[in-house]
Structure formats: structure tokens, C-alpha cells
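Everything on this sheet refers to the single structure shown next.
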Amino acid sequence: MNLITKIKNLINNLFGISDKIDEIQGDINSTRFVVLDTEATGFDYENDRILCIGAIVLQNNSIPIQESIEVFIQQEHYNKATAHIHGILRESILNRPNELEGLQQFLDFLGDSIIVAHHSFFDISMINKALERNGLPKLKNKTLDTALLYKKTLLYSPLLIRKESYSLDELADKFDISKKDRHTAMGDAYITAIAFLKILNKLKEKKGFSLQQLFRY
């Protein structure tokens, strides 16, 4: 097995992506996507902890706000340095579930839906590490990253400077999405969901577009 194959397999295992893309069944409109975002005490997968998981359903080209979940988790680990970003204070919300209870609530909501996130590597890694700590298996859901999908909507031109990565703020500006609740789990999930819809509308203009095609980008 060469290095490229090993790297590909590692990414596939991390995000639950199958090489057999053709096995992905269903119509893109009726497919249930769960768009998620996590707020955490930092960016260290081993030592930092999830503070909140926000997730919202996207199905039939719409975002039913009532089909959403926002789970604030007990803070066994607190980092003042990041509190000014996410605004979640240690005692700001009472009766929070512990990590295991919060994860179970999220998993019940998620089911077997396709996950959508912006820079999904971070969110999936944080969730998987939390699942591992609690003796639960890693996520097996298929995953799509709006940061990668957005790049596929851009025109190829020597006059266009293509960045290696685009932030959620840049997508919000591009698609004229309000950033009022930026840096909250539910707010960022909602921005990501709208951006995903906008991206889908652009990709649908391409010949042969399908649910399966999303995983080939």
C-alpha cells in the first residue's frame, strides 16, 4: 500500500467515507442532512473539551428551525482565554448534561444523517475524541465540508486568485448571510446550513450533479 493510499484510507476512516461512492443512495432533496458546529475550550483534541454542540436539519431544500438541537455540556475544563470568543461562561447555563448525556442527546438527533460542517475535521475530531473518552464508537456518518465544496463553485481562471481555504466569515460575506450569532454553535450551524444551500444551488448547475457527486468533489 503506497503513501497516498494510506493517507486516503486514514481520511476515509476518520470521516466515515466509503470508497464505494456509488453505494450512496437517495435523492439529494429528500436526503436528511444534519449541519453542525461545536464550540470548545480550545483546539487541542486531547486536552480541550466541547462546551456546546449545535445542529440543525436541512432537508427538501429547506431548514426547519424546529428540527434543531443545542446541547450545552457541563464544563469540567474551563479556559478563560477562549471564553470571550464563544461567550459561554462556566455558570451561565444551569442543569447542563454531562459529556456522556450530551453526546447521547446529539447522537439520537443525528441518527444516520449525512453530516455537514465547515472545516469539519475539527468538529468531527472533537466529537470522536469525546465519544472515545466515554467508551462509545466513533461517528460512522458520511461527512461533507462546506469549506471544500465552496471551492468547487469557483471559476477556474488565471485572473482569479484561489485561496487554499475559506473561512465561515468569508462564506457569510459571499452569500450575504447575517453574522449576528457568529461564534455560537447554533449560530454557526445556521450560517453553515444557509451557505450549504447556496453551494448546492450553484453545483446543481453542473451536468450530472447528484448526491453521489457531492462526495467526489
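A few comments on the model shown:
- Test: residue 101 is farther than 28 Å from residue 199 by Cβ, modelled with pLDDT of 90 or more and loosely packed, with under 15 Cβ neighbours inside 10 Å: yes
- Qualifying residue in region 163-183 (condition: more than 18 Å from the chain's Cα centre (by Cα), loosely packed, with under 14 Cβ neighbours inside 10 Å, among the small types (Gly, Ala, Ser) and farther than 29 Å from residue 107 by Cβ): yes
- Residue ranges of helices (runs of 4 or more DSSP H) in region 116-217 with at least 2 members hydroxyl-bearing (Ser, Thr, Tyr) and closer than 20 Å to residue 103 by Cα: 120-133
- Members of region 43-57 found to be touching a residue at least 12 places away in the same chain (Cβ under 8 Å) and surrounded by fewer than 24 Cβ atoms within 10 Å (Cβ to Cβ), listed by number: 43, 45, 46, 47, 48, 49, 52, 57
- For region 195-217, a residue qualifies if it is among the small types (Gly, Ala, Ser) and either in contact with a Pro (Cβ under 8 Å, 6 or more places away or on another chain) or at pLDDT 90 or above (or both), and exactly one does: 195.
- Hits in region 132-155 - residues which are surrounded by 14 or more Cβ atoms within 10 Å (Cβ to Cβ) and under 21 Å from residue 32 (Cβ atoms): 138, 139, 141, 142, 143, 144, 145, 146, 148, 149
- Test: residue in region 146-163 that is at negative phi, among the β-branched types (Val, Ile, Thr) and touching a strand residue (DSSP E or B) at 6+ places or on another chain (Cβ under 6 Å): no
- Cβ-Cβ under 7 Å pairs, at least 6 apart or on other chains, region 199-217 side in contact (Cβ under 8 Å) with a residue 12 or more places away in the chain and among the small types (Gly, Ala, Ser), far side surrounded by 15 or more Cβ atoms within 10 Å (Cβ to Cβ) and in a loop (DSSP other than H, G, I, E, B): 210/28
The values are calculated or read from the model by the stated rules, or taken from the named source; none is laboratory data. Keep in mind it's a predicted model, so treat the numbers as computed, not measured. We place every Cβ from the backbone using ideal geometry, glycine too, and count neighbours over all the protein chains shown.
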